[in-house]
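Take a look at the structure below.
The values are calculated or read from the model by the stated rules, or taken from the named source; none is laboratory data. Bear in mind that the values here come from a model prediction, so they are computed numbers and not experimental data. Every residue, glycine among them, receives a Cβ derived from its backbone with ideal geometry; neighbour counts consider all protein chains shown. For accessibility, only protein heavy atoms count, side chains too; no ligands or nucleic acids. Shrake-Rupley method; radii C 1.70, N 1.55, O 1.52, S 1.80 Å.
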Amino acid sequence: MNASTRKKVQRKCKIRGYNLKVEALDEILSFVSRFEGPDEDEAIDLLLDQLEQESLKSTIIDKEPVHRVVSLLLEAEATVEENSDASATAASAIRVVDAFLIPKYKYDPIRKQFYEHTSSLPIHGEASAKTALYKNRFLLLFQRLSRDQHFSKRAFDSEFSHFGSCEISPIQSLVGQTGRRWVMGVISQLEDGHFYLEDLTASVEINLSNAKITTGFFLENTIVVAEGEMLVEGIFQVLTCGFPPLEDRNKSLKQLAGHDFFGGGIFTKEETIRLEEMEKRAVNDMFVILSDIWVDNEEALGKLETVLDGFESVEVVPSLFVFMGNFSSHPCNLSFHSYSSLRMQFGKLGQMIASHSRLKENSRFLFIPGPDDAGPSTVLPRCALPKYLTEELQKHIPNAIFSSNPCRIKFYTQEIVFFRQDLLYRMRRSCLMPPSKEETDDPFQHLVATITHQSHLCPLPLTVQPIIWNYDHCLYLYPTPHAIVLGDRSQQKAFKYTGITCFNPGSFSIDSTFVAYRPCSQEVELSAL
């Protein structure tokens, strides 16, 4: 077994958060040695996919669970040898990435490159971690902006020059300057009722009363690019205010030098071409996404059974069902005392799914917690649903996947982000000024513009939505994914923005709405009972 295969196995395990003991690594290498070329990668991915279904007590993997999975795979290969390649492909086509396993990268403004954060990330960070959160967000957008042709510094005069320079000035340099300047900074409220713009050099009080703004929600904590001039009183009068411009996904990927920001693994050029071909042929693959599945509500479960009955009878069943919270009609807070009943209702849901034999055999089921579901806290990112609640369901659906919120899926080469949060309502409440109606008056389109330009799923003030400081990178949208699923209690919507497919499946228990999504064509089918 060559060293490159050993490194490949160790790298793929590290991405998933596993540390292998020597005996476990040897067992994997022994299994992988049966395959060559592209099949080798598929074999590793298939084995790790199956290993995720094991009840692992630790991230340090020993020989026993690996041996158990290898035995099952070899047995399956012997039983259905002619279909073994197809099985491996199907299992590795959909990869679920838990938020807490996403690698963290920091930008070095001196060297102008990203480097991976390799040390541990404690949940309870020190005070410096909160400062680093804002700094890292700023640098992420600043390096993106620095490549934009309208804001980059020109070595020679050009035909663009007569419009005035759009070069970004540090806020520190505004002191004593006259005339219009472009600045980039974070909107913050350092004093009650007084808003400031901060960058890495200084802060300046701003006046937004006469500012012309672009599409999006302008909140405290959002990063903006503003044009204005200094007044005698030392206040920066903002004339034009907008978000940092977006960058094409392919351009961003070229700058990352092979770093895996998404967490789904890095492919070679040959692997990417092969996966793209397989993706083109996957025209029948479909994801069904439902939000607000109240398992303690008989009416909601009845509606869900109708949906499952419908998909059970179609010619090709969906590849994946995504069930997003909340899973209870009442918030699971300190006043909630019905956990044992909720556990039984999850078991009832599992029984219902298991009664649809074609779905159970051919579909996968992913569960993502909602903002009011049981868990250690309401801080983002949220960990998966507690095992106590889901054990009864897993007895009926052993391959059910319970992941974090937000959660990511890699489908062949496509990257899809799932986020369940009542974001629109909170964004509108936290706005510093009414959104511009020049381009659109649709609140969902303003929401999509905000999160994509901020490259962040939840740019709300930390006082409105707390975030684990050391895990803020789990909410990044950089490079831009192919699709963003925003589970929100607001009206069902779909909107394609600069090539990014964004949609909200709506509240299934309240409005009976859900979405069928075909990743191959990025086609969104808004559905309702």
Breaking point among (1) modelled with pLDDT of 80 or more; (2) assigned to a helix (DSSP H, G or I); (3) under 27 Å from ALA282 (Cβ atoms); (4) open to solvent by less than 80 Å² (accessible area, probe 1.4 Å), for ALA90:
(1)
Name every residue in the stretch 367-385 that is more than 22 Å from PRO481 (Cα to Cα), of a type outside the set (Gly, Ala, Ser) and buried (at least 18 other Cβ atoms within 10 Å of the Cβ), in order of residue number.
PRO371, ASP372, ASP373, LEU385
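Residue by residue, here is whether (1) under 14 Å from GLN345 (Cβ atoms); (2) surrounded by 18 or more Cβ atoms within 10 Å (Cβ to Cβ); (3) not charged (D, E, K, R) holds:
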position: ASP285; (1), (2), (3): no, yes, no
position: SER291; (1), (2), (3): no, yes, yes
position: GLU299; (1), (2), (3): yes, no, no
position: GLY302; (1), (2), (3): yes, no, yes
position: GLU305; (1), (2), (3): yes, no, no
position: VAL314; (1), (2), (3): no, no, yes
position: SER319; (1), (2), (3): no, yes, yes
Kindly establish whether LEU486 is touching a strand residue (DSSP E or B) at 6+ places or on another chain (Cβ under 9 Å), part of a strand (DSSP E or B) and open to solvent by less than 30 Å² (accessible area, probe 1.4 Å).
yes
Could you check how many residues of the stretch 1-24 are within 26 Å of ILE409 (Cα to Cα) and not β-branched (Val, Ile, Thr)?
13
Could you list, in sequence order, the residues of the stretch 489-515 that are aliphatic (A, V, I, L, M) and either in a loop (DSSP other than H, G, I, E, B) or under 19 Å from the mean Cα position of the chain (by Cα) (or both)?
ALA494, ILE500, VAL515
Picked from the stretch 170-194 (must be within 35 Å of the chain's Cα centre (by Cα) and at pLDDT below 90), the residue most open to solvent (accessible area, probe 1.4 Å) is ASP192
For the stretch 445-466, give me the residue count where each residue is open to solvent by less than 10 Å² (accessible area, probe 1.4 Å) and more than 21 Å from GLY193 (Cβ to Cβ).
13
Residues being surrounded by 17 or more Cβ atoms within 10 Å (Cβ to Cβ) and in a strand (DSSP E or B) - total across the stretch 210-224:
4
Can you name every residue in the stretch 124-144 that is open to solvent by 20 Å² or more (accessible area, probe 1.4 Å), out of contact with any Ser or Thr (no Cβ under 9 Å at 6 or more places or on another chain), touching a residue at least 40 places away in the same chain (Cβ under 8 Å) and assigned to a helix (DSSP H, G or I)?
LYS130, ALA132, LYS135, ASN136, PHE142
Could you identify the single residue in LEU424, LEU447, LEU393 that is of a type in the set (A, V, I, L, M), closer than 30 Å to HIS356 by Cα and in a helix (DSSP H, G or I)?
LEU393
Failed condition for TYR412, given (1) surrounded by fewer than 19 Cβ atoms within 10 Å (Cβ to Cβ); (2) modelled with pLDDT under 95; (3) touching a helix residue (DSSP H, G or I) at 6+ places or on another chain (Cβ under 7 Å), with all others met?
(1)
Among the residues listed as GLU64, GLU36, the single one being assigned to a helix (DSSP H, G or I), open to solvent by 90 Å² or more (accessible area, probe 1.4 Å) and acidic (Asp, Glu)
GLU64
Hey, HIS473 within 27 Å of LYS254 (Cβ to Cβ), surrounded by fewer than 21 Cβ atoms within 10 Å (Cβ to Cβ) and under 12 Å from the mean Cα position of the chain (by Cα) or not
no
Is it true that LEU121 is closer than 23 Å to ALA99 by Cβ, part of a loop (DSSP other than H, G, I, E, B) and modelled with pLDDT of 90 or more?
yes
Those residues of the stretch 225-250 that are farther than 27 Å from THR480 by Cβ, in contact (Cβ under 8 Å) with a residue 12 or more places away in the chain and open to solvent by 10 Å² or more (accessible area, probe 1.4 Å) come to a total of 7
Of all residues in the stretch 337-366 being without any contact (Cβ under 8 Å) to a residue 12 or more places away in the chain and more than 20 Å from LEU308 (Cα to Cα), the one that is least open to solvent (accessible area, probe 1.4 Å):
SER340
Restricted to the stretch 1-33, and to residues that are of a type in the set (Val, Ile, Thr) and either loosely packed, with under 13 Cβ neighbours inside 10 Å or out of contact with any strand residue (DSSP E or B) (no Cβ under 9 Å at 6 or more places or on another chain) (or both), which residue is nearest to LEU74 (Cα to Cα)?
VAL32
Criterion first (surrounded by 15 or more Cβ atoms within 10 Å (Cβ to Cβ), more than 28 Å from the chain's Cα centre (by Cα) and among the polar types (S, T, N, Q)) does ASN326 satisfy it?
no
Filter result (closer than 19 Å to ARG68 by Cα and not in a loop (DSSP other than H, G, I, E, B)) within the stretch 11-30:
CYS13, ASN19, LEU20, VAL22, GLU23, ALA24, LEU25, ASP26, GLU27, ILE28, LEU29, SER30
Could you grab the pairs with beta carbons closer than 7 Å, sequence gap of 6+ or different chains, first residue in the stretch 461-473 and closer than 14 Å to MET427 by Cβ, second one open to solvent by less than 30 Å² (accessible area, probe 1.4 Å) and not in a helix (DSSP H, G or I)?
PRO461/LEU219; PRO461/ASN221; GLN465/LEU380; GLN465/CYS458
